[in-house]
Amino acid sequence: MLFRSAFHVVGKSGFQFATVSRIARKAGVAVSSIYKIYNSKEELIADCYLQAYRFHWMRLINFVNVLEPGVLSSMMATVIRDGNKPRREFALEFAIASAHNETLKKAAVKQMVDLEDIIPDLYLTENEEIMLRQMIRYLTYSLIGLNMIEVLSGEPSSWPELVSFGESLR
């Protein structure tokens, strides 16, 4: 509930105007309870990002067939579906804030490094590993951009647009 509340408050108010007090109120917990776990709003938001997107990526990416036709398009469609609006708004605010906040920037880098740490377990050739590392970075940046376009335009991308875009990345 705390992470959902943080998503909602940051997505609605922006990172700068989101407060631990508002997040706590939305989650129905005491502010002091949050500060027992986190030293700052930045740490809370960074942890929300890491936890939510770690599980999100693990669910979405089947590393073995990420380069198969249609896989990227399906991933992108999942990210931008209507039910993910709070996640998209949070991701946009997080991306903007991380450009100016070292704690958030470290969380964004850690998320990519964590994904890349899985690669040796996949028993790929050296070239496949290099290609997959690049794909993880490109896909991360592309999905951030896609989130930004969806939030700013207010119009969802169509399935044919996603297929075209996803296939060009592959």
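The values are calculated or read from the model by the stated rules, or taken from the named source; none is laboratory data. The model shown is predicted, which means the values in this text are computed figures rather than measured ones. Neighbour counts run over all protein chains shown; Cβ positions are idealised from the backbone, glycine included. Each accessible area value is taken on the protein alone, full model and side chains, heavy atoms only, with ligands, DNA and RNA left out. Shrake-Rupley method; radii C 1.70, N 1.55, O 1.52, S 1.80 Å.
Each residue of the stretch 115-121 was assigned a 3J(HN,Hα) from its phi angle through the Karplus expression (A = 6.51, B = -1.76, C = 1.60, θ = phi - 60°), giving 5, 5, 5, 6, 3, x, 6 Hz with x at Gly and Pro. Once the Cβ-Cβ distance between Q134 and S13 is put in as r, and R0 is 25 Å, what FRET efficiency do you end up with, to the nearest 0.05? With a Förster radius of 25 Å, E is 0.10. When each of the peptides 33-41, 85-93 is scored by how many other beta carbons lie within 10 Å of its residues on average, the order from highest to lowest is 85-93, 33-41.
Label positions at I37 and M1, each projected 7 Å from the Cα along the C-beta direction, are separated by 1.2 nm. Residues M1, M131, M112 ordered from highest to lowest accessible area at a 1.4 Å probe: M1, M131, M112. Karplus-derived 3J(HN,Hα) values for the stretch 126-132, using 6.51 cos²θ - 1.76 cosθ + 1.60 with θ = phi - 60°, are 4, 5, 5, 4, 4, 5, 5 Hz; glycine and proline are entered as x. Residue order by solvent-accessible surface for I118, I130, I136 is I130, I118, I136, largest first, with ligands and nucleic acids left out and a 1.4 Å probe. Taking all protein chains together and a 1.4 Å probe, the residues L124, L139 rank L124, L139 from largest to smallest accessible area.
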